[in-house]
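Right, one structure below, let's go through it.
The values are calculated or read from the model by the stated rules, or taken from the named source; none is laboratory data. Since the structure is predicted, the reported quantities are computational estimates derived from the model, not experimental observations. Note: ideal-geometry Cβ built from the backbone for every residue, glycine included; neighbour counts use all protein chains shown.
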Amino acid sequence: MTAGCKAQIAPAKTALDPATINRRVEIKVRSEFNIPQDYNVTLGARKPSQIPGYDALPITLSRDTKSQVVDFLISTDGNMLARLEKFDLARDPVFSIDVAGRPIRGNPDAKVTVVNFDDLECPYCARMHESLFPSTLEHYKDKVRFIYKDNPLTELHPWAMHAAVNANCLAAQSGDAYWKYVDYLHSHGDEISGADRNPAKSFDALNRIARQEATLAKLDLSKLDGCLVAQNETQVRASAAEALTLRIEGAPAVFVDGERIDGAQPEELVWRAIDRALRAAGIDPPSPPTAPVKPPQPAGGGK
């Protein structure tokens, strides 16, 4: 007998009975999608699909009175399970965020729009705001416009709703006053919260700062005071409801012509998304800033 390496012939797959296939499908779905144990996984009847060699297999996930049907594909021999998702490109809400009437920073006619769902008390939002203004605005100049939407996380931030309402009171009269108010709040959050974290004191501080900005901008103070006292949350809550339709679970959440950026990401990553949007619009992005040239260091040596 001679020794050596020989190719091994893979054993043929054994056909599985329907009950075994169904059980394996259930186990695979539970494990791959982390289905909680108190959910039922029920396989529906197979139907012909548009994919050659695969049948459509609806699977129902249910608990108590709630249920959801998820469509899968299963190979006709029962050996492969797949899921094919379809995305509605025409009606995806990321491409139709309502920005009507919102204050704009940058070029109002720019082809690329950066929309930020912001919480004025959120420290991560303050970090993102600092990245956008002034460096990102200065880098892109008239190529991009920036718009903020309200998404106050009231369960975490007790004065965020009040701040958003006040900002909109200013926006009703002046976009510039709105942006100056937003700038100030994002850079003085600890001051507004105060050492004792008293919401009533924070509200007073927010109102005082709003009046200061209105005075500097020569706005109608009586109209502003009426708005501050009323604290009408309708506009803010409508924006927060839109955030839910976009499946936003925190703040900040930035959309660059629909491309989503969650959280306070590094400036470099934000700029990459903006560059992609500019190229898609047929606009060359600005050149990246050059690092300052360091002066030559004197050579070391003995005396």
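Between 23, 91, which is assigned to a helix (DSSP H, G or I), at negative phi, modelled with pLDDT under 95 and not polar (S, T, N, Q)?
After applying the criteria, what remains is 23.
Could you tell me whether region 222-232 includes any residue that is assigned to a helix (DSSP H, G or I), in contact with a Phe, Trp or Tyr (Cβ under 8 Å, 6 or more places away or on another chain), over 20 Å from residue 128 (Cα atoms) and touching a residue at least 40 places away in the same chain (Cβ under 8 Å)?
no
Across region 185-214, which residue is farthest from residue 149 (Cα to Cα) among those that are under 26 Å from the mean Cα position of the chain (by Cα) and surrounded by fewer than 17 Cβ atoms within 10 Å (Cβ to Cβ)?
Looking at residues that are under 26 Å from the mean Cα position of the chain (by Cα) and surrounded by fewer than 17 Cβ atoms within 10 Å (Cβ to Cβ), I get 190.
Let's see how each residue does on (1) more than 19 Å from residue 102 (Cβ to Cβ); (2) in contact with a helix residue (DSSP H, G or I) (Cβ under 9 Å, 6 or more places away or on another chain):
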site	(1), (2)
200	yes, no
213	no, yes
221	yes, yes
244	no, no
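Examine region 99-106 for a residue that is exposed (fewer than 15 other Cβ atoms within 10 Å of the Cβ) and either among the hydrophobic types (A, V, I, L, M, F, W, C) or within 19 Å of residue 271 (Cα to Cα) (or both), and state whether such a residue exists.
Checked region 99-106: at least one residue is exposed (fewer than 15 other Cβ atoms within 10 Å of the Cβ) and either among the hydrophobic types (A, V, I, L, M, F, W, C) or within 19 Å of residue 271 (Cα to Cα) (or both).
Do you know which of the residues in region 34-57 that are more than 14 Å from residue 84 (Cβ to Cβ) and surrounded by 10 or more Cβ atoms within 10 Å (Cβ to Cβ) is modelled with the lowest pLDDT?
35
On the basis of being under 22 Å from the mean Cα position of the chain (by Cα), in contact (Cβ under 8 Å) with a residue 60 or more places away in the chain, in the same structural domain as residue 105 (by TED's automatic domain parsing) and over 17 Å from residue 235 (Cβ atoms), does residue 156 make the cut?
Here the answer is no, as residue 156 does not meet what is asked.
Quick one: would you say residue 112 is outside the structural domain of residue 25 (by TED's automatic domain parsing), farther than 28 Å from residue 169 by Cβ, touching a strand residue (DSSP E or B) at 6+ places or on another chain (Cβ under 6 Å) and in contact (Cβ under 8 Å) with a residue 40 or more places away in the chain? Before the answer, list the steps.
On the way: outside the structural domain of residue 25 (by TED's automatic domain parsing): yes; farther than 28 Å from residue 169 by Cβ: yes; touching a strand residue (DSSP E or B) at 6+ places or on another chain (Cβ under 6 Å): yes; in contact (Cβ under 8 Å) with a residue 40 or more places away in the chain: yes.
Criteria met by residue 112.
Which of (1) charged (D, E, K, R); (2) loosely packed, with under 15 Cβ neighbours inside 10 Å; (3) at pLDDT 95 or above; (4) not in a loop (DSSP other than H, G, I, E, B) does residue 268 not meet, given it meets every other one?
Evaluating residue 268 over (1) charged (D, E, K, R); (2) loosely packed, with under 15 Cβ neighbours inside 10 Å; (3) at pLDDT 95 or above; (4) not in a loop (DSSP other than H, G, I, E, B) leaves (3) as the failure.
So which residues in region 148-181 are crowded, with 21+ Cβ neighbours inside 10 Å and among the aliphatic types (A, V, I, L, M), if there are any at all?
Matches in region 148-181: 160, 161, 163, 164, 165, 167, 170, 177.
Taking residue 208 as the residue in question, decide whether it is out of contact with any Leu (no Cβ under 6 Å at 6 or more places or on another chain), over 17 Å from residue 126 (Cα atoms) and not in a helix (DSSP H, G or I).
Values: out of contact with any Leu (no Cβ under 6 Å at 6 or more places or on another chain): yes; over 17 Å from residue 126 (Cα atoms): yes; not in a helix (DSSP H, G or I): no.
In short, no.
Taking residue 141 as the residue in question, decide whether it is assigned to a helix (DSSP H, G or I) and at positive phi.
Judged against the criteria, residue 141 is a match.
Return yes when residue 274 is more than 19 Å from residue 155 (Cβ to Cβ) and in contact with a strand residue (DSSP E or B) (Cβ under 7 Å, 6 or more places away or on another chain) and no when it is not.
yes
Does residue 162 count as assigned by TED's automatic domain parsing to the domain that holds residue 236, closer than 17 Å to residue 229 by Cβ and in contact with a helix residue (DSSP H, G or I) (Cβ under 9 Å, 6 or more places away or on another chain)?
yes
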